[in-house]
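Down below is the structure, laid out as structure tokens.
Since every read-out is calculated from the coordinates, none of them should be taken as a lab result. Keep in mind the model is a prediction, meaning the values are calculated, not measured. Here the Cβ is made from the backbone with ideal geometry for all residues, glycine too, and neighbour counts use every protein chain on show.
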Amino acid sequence: MRPGIEDLIETDITLLESPVTRLERVVPDVTSLSVSPKGIAKGFTGQILKERDLVMDGSNADRFRKNFEGIEGAK
């Protein structure tokens, strides 16, 4: 992993969640929307944290390779 990436990830998560928290304070009705800004932010946060997992990343690369075996131009 790249040096300092953990701090960068934490900063990215804060930058993602901060506007959502402010939005909920300023626009209380935002929580009644069918699409939850907080839910979207949590989804992105979860995905960002998964990206740090190099074992999972390797497993996904293996799965991707197997899924495209034998397909011309997929190499």
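Relative to the 2.2 N^0.38 Å rule of thumb, the chain has a C-alpha radius of gyration ratio of 1.57.
A simple count of charges around Lys38, restricted to other residues whose Cβ falls under 11 Å of its Cβ and scoring Lys, Arg +1 and Asp, Glu -1, yields -1. Here is the list for segment 39-75: chymotrypsin sites (Phe, Trp or Tyr not before Pro) lying in DSSP coil, each with at most 16 other C-beta atoms within 10 angstrom of its C-beta, are Phe68. Only helices reaching 15 angstrom along their own axis (Cα) with mean Kyte-Doolittle hydropathy no lower than 0.0 count here, and for the DSSP H runs of the chain these are 5-26. Computed over neighbours whose Cβ is under 14 Å from that of Asp57, the net charge equals +2, Lys and Arg +1, Asp and Glu -1.
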